[in-house]
1. Could you list, in sequence order, all residues of the stretch 144-161 that are without any contact (Cβ under 8 Å) to a residue 40 or more places away in the chain and within 11 Å of ligand 1 (Cβ to nearest atom)?
2. Would it be correct to say that Q122 is near ligand 1 (Cβ under 10 Å from one of its atoms) and under 30 Å from the mean Cα position of the chain (by Cα)?
3. Would you check if I304 is modelled with pLDDT of 95 or more, within 16 Å of ligand 1 (Cβ to nearest atom) and crowded, with 21+ Cβ neighbours inside 10 Å?
4. If you scan the stretch 20-40, which residues turn out to be in contact (Cβ under 8 Å) with a residue 24 or more places away in the chain, away from ligand 2 (no atom under 14 Å from the Cβ) and over 20 Å from P294 (Cα atoms)?
5. Quick check on D54: is it modelled with pLDDT under 95 and under 21 Å from the mean Cα position of the chain (by Cα)?
6. Just name the residue that is surrounded by the fewest Cβ atoms within 10 Å (Cβ to Cβ) out of those in the stretch 179-228 that are within 16 Å of ligand 2 (Cβ to nearest atom) and charged (D, E, K, R).
7. For the stretch 158-165, indicate whether the set of residues that are modelled with pLDDT of 95 or more, within 19 Å of T93 (Cα to Cα), within 16 Å of ligand 2 (Cβ to nearest atom) and not aliphatic (A, V, I, L, M) is non-empty.
8. Which one is nearest to ligand 1 (Cβ to nearest atom), of the residues in the stretch 95-119 that are within 30 Å of the chain's Cα centre (by Cα) and more than 18 Å from H47 (Cβ to Cβ)?
Amino acid sequence: MSNPAGRAGSGARTCLAIMLAAGEGTRMKSGRPKVLHEVAGRSMLGHALAALRDAGASRVAVVVGPGREDVADETRRFLPDAEVFTQTERLGTAHAALSAATALERAEDDVVIAFADTPLVQAATFERLRASLSEGATVAVLGFEAADPFGYGRLVTDESGLASIREERDASPEERRITLCNAGLMAIRGDRALALLRAVGNRNAKGEYYLTDVVEIARRAGETVSVVTAPEAGVMGINDRAQLAEAERIVQARLRRDAMKAGVTLVAPDTVFFSLDTEVAPDVRVEPYVVFGPGVRIESGAVIHAFSHLEGARVASGASVGPYARLRPGASLGERARVGNFVEVKNAEIGAGAKANHLAYIGDATVGAGANIGAGSITCNYDGFEKHRTEIGKGAFIGTNSSLVAPVAIGEGAYVGSGSVVTDDVPADALALGRGRQAVKQGWAKAFRDKASARKIKEKSKEPVSS
Ligand code: UD1
Ligand code: CA
């Protein structure tokens, strides 16, 4: 999905975007590459790529570390036609950009360089950077006022604008006091990008090729370098887990605001967690402490009661979930269906008006409209090797504490007696009983009590009297 309004902003100019996604991110202390860590249920790389796509980049090149098939796969998931390049050695951001040199050789009007560890940047911000180029700048840098500038490159300005960007480790004490920082994103005129990047050296504290040196090089050549600023909440970079949590906080606040603006009732917004792709219709009510994992769609008028967890699930209008319910991938609740406390539903359709109000597991099943699943009922869907399906017909009644051993089908309108273990199909309108038969012995309890208490009295009378 591209953003036609955004595209109009940069006229008919073409754009090559280079996304830097190599490197493990040592400060994350993780076995997973940094850019695959998630914010609001989506990898940072996925966020960054979606913004580029929405900004209408004509071509996207993604630079990944050697052997990082996982990062390449995630790239293709969001942008199937992105070109993937490998940075064989991690020698810095300019070096990473040059790993896509063959893409840069086919110069586009604009080149945008983006970081996959900067997931909050939105399409409009890329557009503003590109607009600077169409106004005559050779290089446009994205800057922000940092609450805590530690670790960011500082924007060093002079009388004619941005003079250079100084990395934390290379900065003088005065430069470290600068709070205007480099967000990392940069737009460069397409016909200058390759030459500027190739002019970057590695004489600095880290011995890396810094993308940021492009600024000083362009200035020395008498070219215009401009700064576009954005609020920190829209541009922050993620190097460690604390910053990851901060980004999550920012995105969640945005998603909650968007949901409420769209007509969703959040009783305690700060306790509700969304994924970026959560779809909640107007007039849905969400009670406190609800978590929406990826892939959830809730239709109008549904209620999600407190302490429920939903993922990959659809809830039709007027349905009710929870409190304390869990909907796992493939759960689909029909209109006015009810899934109550301590009920788990996975890969199962619950028909319109059907109910599972308490303590049940429904997995790999179809539950017909109006059926009633009693408390403690379980679909036994797994034999240790394979999953099997349970079909429950319309209006069927599954008595409490029943085990439905799949594959098995319960016909329309059938009854399953409480406590049954059902291994054979049940015809429509039949009653299935699969449990031990109850025996009743008249007077047995009274006779037992009389005998037992008589024995106790006899034993007591034999005890020696204590002095
Ligand atoms: C970088 C900027 C800094 C800016 C900050 C904003 C440079 C030299 N520094 O610092 O000015 O304030 O981002 O968040 O550009 N990467 C590669 N290959 C490499 C090195 C990095 O692909 O060889 C990728 C990383 O995966 C990451 C991005 O480039 O997505 C930025 O690298 P990182 O090491 O996080 O740079 P910072 O030190 O944060
Ligand atoms: Ca970073």
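1. Scanning the stretch 144-161 gives P149, F150, R154.
2. So Q122 fails the test.
3. No, not satisfied.
4. Within the stretch 20-40, K29 is the sole residue that qualifies.
5. When the stated conditions are applied, D54 passes them.
6. K206
7. No - not one qualifying residue is present in the stretch 158-165.
8. The extreme case among them is A96.
The values are calculated or read from the model by the stated rules, or taken from the named source; none is laboratory data. Small disclaimer: the values here were computed from a predicted structure and weren't measured. For neighbour counting, all protein chains shown are included, and Cβ atoms are generated from backbone atoms with ideal geometry for every residue, glycine included.
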